[in-house]
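Q: Dropping the structure in here first, questions after.
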Amino acid sequence: KQWYQRRVRGGKQTTFEGGIREPGIFWWPGVIPAGRVTHQLATTMDIFVMAAKLAGVALPSDRIYDGVDLLPVLRGEAPQIDRAIWYYRGNELFAARVGRYKAHYWTWSHEHYEFCPGQRVTNLTTPHQVNRTLSPLVVDLENDPGEKYLLSGGARKKALKLIQPWVDKHRATLEPGEPSLNYCDNMVKNWAPPGCEEIDYCLPIPKKSNIHLCPWDH
C-alpha cells in the first residue's frame, strides 16, 4: 500500500493512475498456474467477455466490445494482448494508454490532489477541466508511474504515433448513448434501512420520483 501511494498520482474522481490502477488477482487451481505474474493491461470489462465465453454464451455480433478474453494470457498459453485502455470521465475520453505510454486529452484534478505538496505538474494538474485534444499531454508510465514528467520532442511524437490511431479508431466506432449512471433519483435511496429506529436515524422517504442529472462534475 505504501509503495502504491508513493508511486502513483491522484485518487478517486481522477483519471490519473491513482484513481484507476489496481492489481488483478485470479485464482483457478488446475487452470491458471499458481504464482504466475503478467503485466497484461486489463479492465473490469474483460471479466464480462471472459465469463460469457466460459459459460458458452455467444455475444451479439452487432456491437463492439471493449473487453477481451484474457484467459489464454492468464494460462500462459498466449503472449500479452496489444490493446488500448480508455480513461473516461462522464462522456469524455480524458486519457488513453497503449503499452507504456499514456496521453491526456483532458486534464482536471480534484482540488484535494491539486494542492497536496509535490503533486502539482504544470498544465497536467488543473483545478478546472481543460481540453487538450489538439495537443495531448503524454507520459511514460513505465519510467514515470507518478505522471510527473511530460514527454516532449521526439519521445512525445513517438508515443502519440502509437496511441493516436487507437483513439481515432475508437472514436470512429462510438455511437451516442445516454449513460444511466449520470442520473439520480432520491426515490431509490435507502432512506429507512432496517434498524434505523434503534439509532433514531430514519429519514423521510420522498413521495415522488424525481429523475435528474447527478450534481457532480463530468
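Q: Find the accessible area per residue for the stretch 1-151; the probe is 1.4 Å, ligands and nucleic acids are left out, and the unit is Å². If you can, show how the numbers build up before the last one.
A: Numbers: 9330 Å² over 151 residues.
Per residue, the stretch 1-151 has an accessible area of 62 Å².
Q: Would you indicate which of (1) 8, 27, 26, 19, 13, 6, 1, 0; (2) 7, 25, 29, 24, 13, 3, 0; (3) 7, 22, 19, 14, 12, 9, 7, 5, 3, 1, 0 is the value of P(r) over Cα pairs in 10 Å bins from 0, in percent derived from the coordinates of this structure?
A: (2)
Q: Let me have the 222 nm mean residue ellipticity of the chain computed from DSSP H runs of 4+ only, each contributing -39500 (n - 2.57), with the sum over all residues rounded to the nearest 500.
A: Values: 6 runs with 49 residues, N = 218.
Computed mean residue ellipticity for the chain: -6000 deg cm²/dmol.
Q: For a 25 Å ceiling on Cα separation, which of these pairs sit above it: Lys12/Lys189; Lys12/Lys208; Lys102/Lys169? Don't skip to the answer; put the middle values down first.
A: Details: Lys12/Lys189 22 Å; Lys12/Lys208 32 Å; Lys102/Lys169 16 Å.
Where the Cα-Cα span goes over 25 Å, the pairs concerned are Lys12/Lys208.
Q: Next question. Please give the contour-minus-distance gain from Arg36 to Asn182: 0.36 nm per residue of separation, less the Cα-Cα distance, rounded to one decimal in nm.
A: Details: separation 146, 0.36 × 146 = 52.56 nm, distance 3.85 nm.
Here the segment from Arg36 to Asn182 would lengthen by 48.7 nm.
Q: Something else: Where is the GNM fluctuation largest for the chain (alpha-carbon springs, 10 angstrom cutoff): Asp69, Asp46, Asp185?
A: Maximum fluctuation in the GNM of the chain, among the listed residues, is at Asp185.
Q: Let me ask you something else. Which sequence of Glu22, Glu92, Glu77 reflects their accessible areas, 1.4 Å probe, from the largest down? Write down the numbers at each step before the final one.
A: Numbers: Glu22 150, Glu92 75, Glu77 130 Å².
Greatest to least solvent exposure: Glu22, Glu77, Glu92.
Q: Report, to the nearest whole %, how much of the accessible area of the chain belongs to carbon and sulfur atoms, 1.4 Å probe, protein only. Walk me through the intermediate numbers first.
A: On the way: 8420 of 15020 Å².
C and S fraction of accessible area: 56 percent.
Q: Further question: First measure r as the distance between the Cβ atoms of Glu77 and Ala172, then evaluate 1/(1 + (r/R0)^6) with R0 = 22 Å and state the FRET efficiency to the nearest 0.05. Mind dumping the intermediate values first?
A: Details: r = 32 Å, r/R0 = 1.45.
Efficiency computed from Cβ-Cβ geometry: 0.10.
Q: How large are Rg and Dmax for the stretch 114-218 when only the alpha carbon atoms are used, in Å?
A: Values for the stretch 114-218 (Cα only, Rg and Dmax): 22.3, 65 Å.
The values are calculated or read from the model by the stated rules, or taken from the named source; none is laboratory data. Note that the structure is a prediction, hence the values are computed from the model and not measured. Cβ: placed from backbone, ideal geometry, glycine included. Neighbour counts: every protein chain shown. These accessible areas exclude ligands, DNA and RNA; they are computed on the full protein's heavy atoms, side chains included. Shrake-Rupley method; radii C 1.70, N 1.55, O 1.52, S 1.80 Å.
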